[in-house]
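Structure first, commentary second.
The values are calculated or read from the model by the stated rules, or taken from the named source; none is laboratory data. If you're wondering where the values come from, they're calculated on a predicted model, not measured in any experiment. For neighbour counting, all protein chains shown are included, and Cβ atoms are generated from backbone atoms with ideal geometry for every residue, glycine included. Just so you know, the surface numbers come from the protein's heavy atoms only, side chains and all, with ligands and any DNA or RNA stripped out. Shrake-Rupley method; radii C 1.70, N 1.55, O 1.52, S 1.80 Å.
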Amino acid sequence: MRTSIFRRPGGARPGGRRTAGRAALLTCLLLAVFAAGCGKDGSPPVKGPRTEALPVYRVDTGFSLPASSTWTKAKKRGYLVVGAKEDQPYLGEKDPATGVYSGFDIEIARMMAASLGFEPDTIRFRTIASANRETALQNGQIDYYVGTYTINDMRKKLVGFAGPYYLAGQGLLVRTDEHDIHGPQDLAGRTVCSAAGSTPYQRIAADYPKAVLVAYDTYSVCVDNLLTYQVDAVTTDDAILLGFAAKAPDELKVVGKPFSEEPYGIGVPRSDKALRFALDDALEADEKNGNWKKAFEATLGLSGVPAPKPPPIDRYPAT
Ligand code: GLU
């Protein structure tokens, strides 16, 4: 599998045709993303979530949820296993040097763990790609999943969802030297990249069949392909794309208006309604006590999005 410059600055590069200009762009981008900026005088240093700005969540030590088999197993085991993304700026990112995860989704996962009575050092994050989320929850590989996971009826047949805790919308990311793509209607005959198993991929396939669709496991590989002129656009949620654009503003831009609604939920095993409702309660409490807003501002807020009002929790009945 290809490595991404957004994840591994020293990693192997995809092969193929490349001009000197493109190589220079890549070198420049690597510096821009991982060092102090490049190309423009006085570029600001790249911002990442600052640990000291993150809220500290009160661990509910007296919490107990015997009706949840997931919770009971995790308590016995002594730690939670939480599925997440590792290459989505300001949402779910893993520091390759330390292995530490950060971002808004990660903070949501930590808030939930605290409410379930788990200390911060008893959460183990595990990277799961978009296409593998349902299987991971069904097989018990993870206790819950927080990673830009859109709630929809098809997925509700396979897993349960607490939330939503954020409302995103599908968008398009292009290079700053691209002037002909302003929305999905401009994708005919152009190559667009998305993640396998994602709702944005499915929407382009269904509604814009003239687009040439390419799929990888992750969006960071799509962005690599965009920077090396192997695709013309990347499509997924605006929240994800804005993070990539914020890290490389000279090379990348988000164009047009969001063209879908992507309500983010916390994925849980489908049969574990006790866990789902406990997470709904926890989300509501964290939205009320200010944790949600503080966490947002310290993470996703850094990509330029002001903290919105969180969407209402949808405590849907058992299906
Ligand atoms: N929110 C969309 C989805 O759940 C796209 C982002 C992702 O692939 O995680 O499919």
Take Arg50, Arg133 and sort them by solvent-accessible surface of the protein heavy atoms, 1.4 Å probe, largest at the top. Arg50, Arg133
Amide H contacts under 5 Å for Ala168, restricted to residues at least 5 apart in sequence or on another chain and with H modeled in the peptide plane, are Glu262, Tyr264
To the nearest 10 square angstrom, how much accessible area does Ser64 have with a 1.4 angstrom probe? 70 Å²
If I ignore ligands, DNA and RNA and count only protein heavy atoms, how much of Asp237 is accessible to a 1.4 Å probe, in Å² to the nearest 10? 10 Å²
Gain in length, Arg126 to Ala196, computed as 0.36 nm per residue apart minus the alpha-carbon separation, to one decimal in nm? 23.3 nm
Provide Lys156, Lys257 ordered by accessible surface of protein heavy atoms (probe 1.4 Å), highest first. Lys257, Lys156
Ile123's amide H: which non-local residues (gap 5+, or another chain) put their own amide H closer than 5 Å, with H modeled 1.01 Å from N in plane and none for Pro or chain starts? Leu80
Pull up all non-local amide H partners of Tyr149: gap of 5 or more, or a different chain, and H-to-H distance under 5 Å with H placed in the peptide plane. Gly265
Probe radius 1.4 Å, ligands and nucleic acids ignored: give me the carbon and sulfur share of the accessible area of region 244-319 as a rounded percent. 55 percent
What's the Kirkwood radius of region 121-240 in Å, using all Cα pairs? 15.5 Å
Zero-based 10 Å bins, Cα pair distances in region 206-319, whole percents: 11, 32, 30, 22, 5
Per residue, how much accessible surface does region 142-254 expose to a 1.4 Å probe? Answer in Å², no decimals. 31 Å²
Could you calculate the FRET efficiency of Ser69 with Glu119 from 1/(1 + (r/R0)^6), where r is the beta carbon distance between them and R0 is 25 Å, rounded to 0.05? 0.70
